[in-house]
1. Select, from G160, G125, G153, the only residue that is open to solvent by 10 Å² or more (accessible area, probe 1.4 Å), outside the structural domain of A214 (by TED's automatic domain parsing) and in contact (Cβ under 8 Å) with a residue 40 or more places away in the chain.
2. Within the bounds of the range 187-200, is there any residue that is within 11 Å of the ligand (Cβ to nearest atom), open to solvent by 10 Å² or more (accessible area, probe 1.4 Å), under 15 Å from the mean Cα position of the chain (by Cα) and not assigned by TED's automatic domain parsing to the domain that holds V347?
3. Taking the condition buried (at least 22 other Cβ atoms within 10 Å of the Cβ) and at pLDDT 95 or above, does A107 pass?
4. Would you please name the residue that is nearest to the ligand (Cβ to nearest atom), looking only at residues in the range 158-186 that are part of a strand (DSSP E or B) and of a type outside the set (A, V, I, L, M)?
5. List the number of the failed condition for T39; all other conditions in (1) open to solvent by less than 20 Å² (accessible area, probe 1.4 Å); (2) outside any loop (DSSP other than H, G, I, E, B); (3) among the β-branched types (V, I, T) hold.
6. Being under 21 Å from E103 (Cα atoms) and open to solvent by 20 Å² or more (accessible area, probe 1.4 Å) is the filter here, so list the residues in the range 129-147 that pass it.
7. Which of the residues that make up the range 127-157 are acidic (D, E) and either within 16 Å of L193 (Cα to Cα) or assigned to a strand (DSSP E or B) (or both)?
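The values are calculated or read from the model by the stated rules, or taken from the named source; none is laboratory data. These figures come from a predicted structure and were not determined experimentally. Ideal geometry is used to build each Cβ from the backbone, glycine not excepted, and the neighbour counts take in all protein chains shown. Heavy atoms of the whole protein, side chains included, go into the accessibility calculation; ligands, DNA and RNA do not. Shrake-Rupley method; radii C 1.70, N 1.55, O 1.52, S 1.80 Å.
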Amino acid sequence: MDAIGQWQAETRGASARLGTRFRIFPQPSFIPGYEQPETVWISTPPDRIGPGPADRRMYVIDPVLAKAPYEFPYLPPYAGACNPPAIAGPDGHFDHLDPASREFQAAHVFACSRRVLDICESYLGREIPWFFQPTYERLEIVPRLPWGNAQSGFGFLEMGEDEARGTTQPFALNFDAVAHEMGHLVIFGVMGLPRREPPHEYYAYHEAVADFIALISLLHFDTALDLLLRRTRGNLLVVNELDRFAELSDEKQVRLFSHSLKMGEVSSEVHDLSKPFGAALFDMLIEIYQALLFERGLSDLHPSDFWNLRTDYSGGELEDQLSLSLGSYQSRHFAFKSALADARDIVGEILVRSWSGLEPDRLDYQAAAAAMVAAAGEGRGGMFTDRIEDNFAWREII
Ligand SMILES: [Zn+2]
């Protein structure tokens, strides 16, 4: 090989180690600030991604005819005719596709799914298997069905269409929706399936945690971190896109993470029951973020005073008190951003690592909370163990 040939081969090798470029809308493009997709790298190198896209863990098929949602015993693989797959550009990447095309939707769902898997595997420190292996080695992704819902299940993840805003929006372009479904799959992958009927709270836990994985994953986008912090000037208790999540199952209401609901105030309906647990996870994120700001001299509010403030004040008054404590945000954006990224990763690690200590057959809120406290004690979240317990206690979970 001559020098130029060798240089080209080395460049290709170096670029393969970076993974493959895709473009993702971190939030639906009708939300101000999110009009343009963000370029991300997913872990699979270009020479291991085929048309679809498809790699070793997942593949996309786009049916020509209106496909019915999978429901046992109707399961993958899809046998009907498919539209042409999304194909990489000449450089092996998928960031050239027109956002208005079907191919972009296929690449978008693939990239969102792969990114959530990459993030959770990075917290766990190992590959997360599919719960449906070895029946299926790969996840089948259907980017678009004429159906007002989205679901994941035995071998599949499929996205319908959202009619809630009066126009048809494909769930394929909704990162939260894809990430929520992937959330269910990664929980099953690490914990396994229950072998007998689990406690009722198990189902509520799944919904709360799937939503929270979507939130943690959203916080891996620069666009999201920058917009969130700049809009709120670092005060994350201001209502914003962080706690606004579209309900994607039957009810389609908007759920908020940031609320004061305790166990005694919700019904046993699964989505209602999921709220106190989801909110406790959100509280942990905010508390750890606040503690890091204090530790780094970015806020003069001691973590224990933050706790008192949250219980003594609410609404606008709480926001004002917090804003006062934050001092000058303007010149310290990147320091705040780093604190939020660290808080995100500490909570993400605690959550994902708590799964290894949980038995799905016996998983209720008590067990789930205890596993998180234990996981915090074993990792770098150790200094927050008391705060995590207090949060669960305040929500009447333990
Ligand atoms: Zn769900």
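1. Numbers: G160 fails: open to solvent by 10 Å² or more (accessible area, probe 1.4 Å); G125 fails: in contact (Cβ under 8 Å) with a residue 40 or more places away in the chain.
So the residue among G160, G125, G153 that is open to solvent by 10 Å² or more (accessible area, probe 1.4 Å), outside the structural domain of A214 (by TED's automatic domain parsing) and in contact (Cβ under 8 Å) with a residue 40 or more places away in the chain is G153.
2. In the first step, residues of the range 187-200 are kept if they are within 11 Å of the ligand (Cβ to nearest atom); the result is 187.
Add one more test, that the residue is open to solvent by 10 Å² or more (accessible area, probe 1.4 Å), and what stays is none.
No: zero hits.
3. Numbers: buried (at least 22 other Cβ atoms within 10 Å of the Cβ): yes; at pLDDT 95 or above: yes.
Taking the combined requirement at face value, the residue satisfies it.
4. Step one: filter the range 158-186 for residues part of a strand (DSSP E or B), giving 158-159, 161-162, 169-170.
Subsequent filtering for residues that are of a type outside the set (A, V, I, L, M) retains 158, 161-162, 169-170.
Values: E158: 13, E161: 17, D162: 15, Q169: 18, P170: 18 Å.
Here the answer is E158.
5. Every listed condition holds for T39 apart from (1).
6. Residues of the range 129-147 under 21 Å from E103 (Cα atoms): 138-147.
Result: R138, R144, P146, W147.
7. Hit for the range 127-157 is E140, nothing else.
Matching residues to (1) open to solvent by less than 40 Å² (accessible area, probe 1.4 Å); (2) assigned by TED's automatic domain parsing to the domain that holds Q366; (3) away from the ligand (no atom under 13 Å from the Cβ); (4) at pLDDT 90 or above:
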| site | (1), (2), (3), (4) |
| --- | --- |
| A210 | yes, yes, no, yes |
| H220 | no, yes, yes, yes |
| E247 | yes, yes, no, no |
| S274 | yes, yes, no, yes |
| D283 | yes, yes, yes, no |
